[in-house]
Amino acid sequence: MSRYDWGRTHPGIERLERAVTDRRDAVVRHPLYASLDTHEALVTFMEGPA
């Protein structure tokens, strides 16, 4: 069991999860997301264009 999983939910958290589900799914399905698989790749992505 995760230390964050207490077997309970909170209405505010559930509402937030519902609100972001579609956009989160779109991000996770994007091809670029799969290439951010190392810390270095993420840092380079976050730096943006020079």
If I fit a long axis through the Cα atoms of helix 11-29 and take the longest principal axis of the Cα atoms of the chain, what angle between them do I get, 0 to 90°, rounded to 10?
30 degrees
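I'd like the trypsin sites (Lys or Arg not before Pro) in the chain restricted to DSSP loop residues with at most 10 other Cβ atoms within 10 Å, sorted by number.
ARG3, ARG8
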Which loop chymotrypsin sites (Phe, Trp or Tyr not before Pro) in the chain, with loop taken from DSSP, have no more than 16 other Cβ atoms within 10 angstrom of their Cβ?
TYR4, TRP6
³J(HN,Hα) across the range 35-50 via Karplus (A = 6.51, B = -1.76, C = 1.60, θ = phi - 60°), whole Hz, x for Gly/Pro?
7, 8, 9, 9, 4, 4, 5, 5, 4, 4, 4, 5, 5, x, x, 6
Taking the chain, the whole-percent share of alpha-carbon pairs separated by over 12 angstrom is 75 percent
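What size of dipole, in debye to the nearest 20, comes out for the chain about its Cα centre when the only charges are +1 on Lys and Arg C-beta atoms and -1 on Asp and Glu C-beta atoms?
280 debye
Coordinate-derived values only; no laboratory data. Computed from a prediction, not measured in an experiment: that's the story for all the values here. A quick note on method: Cβ atoms are made from the backbone with ideal geometry, for glycine too, and the neighbour counts reach across all protein chains shown.
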